[in-house]
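Remarks on the structure that follows.
Every number here is computed from the coordinates shown, using simple stated rules; none is lab data. Fair warning: this is a prediction, and the values are worked out from it, not measured in the lab. Don't worry about glycine lacking a Cβ; one is built from the backbone with ideal geometry, like all the others, and counts go over all protein chains shown.
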Amino acid sequence: MRNAFGLSIPQTVEDACDPTRMAVLIYDMQVGIVRQIPDGDAIVQACVRLRDAARESGFRVFYTRHMSLPIAASGVSQVRTAMQWQRVDDPAELRVSFPQGSPQYQLVPELSPNADEVVFDKITMSAFAATPLDFALRDCGIDTFAIAGIAMEVGIEPTVRHSLDLGYLPIVVTDACGAGHPAAAERSRATLEFTGSTLTTDTTTLTDLMTRDPLAVDPLPSLGTRSPT
């Protein structure tokens with residue numbers, strides 16, 4: 001941790017892992033999305049471990065859920081994007097992928113939120129675009145979040161990059177972020193590494209940090225004292 005101008009500036013995941021400043025964000029772990037990912041079950045279990053560690057230690061947990069508007073209520077960008085994803089040339093052939101309330105729209109049962117947790121619906125890739133997430137975090141004094149979920153190349157990278165412009169410190173939990181296109185996901189990770197200001201960690205490391213004893217301190221390193229003669 002660095003301290004300057006009345007600010008505490010985290011440099012590492014350990015610095016940032018504090019329930020007064022960090023939340024956990026579970027991105028789009030929905031039935032219809034998880035089943036498209038070959039390692040979807042493993043990503044679910046990693047997210048459950050993060051969520052449970054957060055609950056145990058008092059970290060706030062937020063979820064996102066992607067929602068498709070009815071085709072007739074969609075605008076130009078929504079229709080164009082749907083045509084690209086569904087690979088159709090005629091808008092009349094479009095179907096609603098994640099209609100609100102549908103089975104595929106729901107979060108997987110293992111990640112059902114409790115009464116103290118919040119789900120934000122969105123129609124964008126960035127979790128911060130046109131949702132209350134930014135206000136909700138800032139109002140709690142949160143300036144850091146650990147993100148996990150699906151998919152790295154579709155929504156997690158845009159969320160992380162957007163958050164940097166909003167002044168957050170994002171922590172990507174690499175083994176808890178699934179991908180539908182491994183090569184594209186690797187490009188996303190490389191882009192975030194190149195742009196800087198993003199921390200990365202793995203599920204075991206972060207859960208260990210979240211559940212550590214806050215009163216525990218590391219012993220001072222040995223200074224190589226000499227025995228008296």
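A few notes on this one:
This table checks each residue for (1) touching a residue at least 60 places away in the same chain (Cβ under 8 Å); (2) closer than 24 Å to Glu117 by Cβ.
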{"position": "Val48", "(1), (2)": "yes, yes"}
{"position": "Tyr63", "(1), (2)": "no, yes"}
{"position": "His66", "(1), (2)": "yes, yes"}
{"position": "Asp90", "(1), (2)": "no, no"}
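- Being within 17 Å of Ile142 (Cα to Cα) and touching a residue at least 24 places away in the same chain (Cβ under 8 Å) is a description that does not apply to Ile37.
- Subset of region 40-91 that is under 25 Å from the mean Cα position of the chain (by Cα) and of a type in the set (Asp, Glu) - its residue that is nearest to Ala179 (Cα to Cα): Asp41
- Check on Ser97, closer than 18 Å to Leu166 by Cα, touching a helix residue (DSSP H, G or I) at 6+ places or on another chain (Cβ under 8 Å), of a type in the set (Ser, Thr, Tyr) and in a loop (DSSP other than H, G, I, E, B): no
- Test: residue in region 120-131 that is without any contact (Cβ under 8 Å) to a residue 12 or more places away in the chain and not in a loop (DSSP other than H, G, I, E, B): no
- Qualifying positions in region 131-151 - surrounded by fewer than 23 Cβ atoms within 10 Å (Cβ to Cβ) and either within 17 Å of Thr201 (Cα to Cα) or under 12 Å from the mean Cα position of the chain (by Cα) (or both): Thr144
- Within region 152-179, being part of a loop (DSSP other than H, G, I, E, B), crowded, with 18+ Cβ neighbours inside 10 Å and in contact with a helix residue (DSSP H, G or I) (Cβ under 7 Å, 6 or more places away or on another chain) holds for one residue alone: Ala179.
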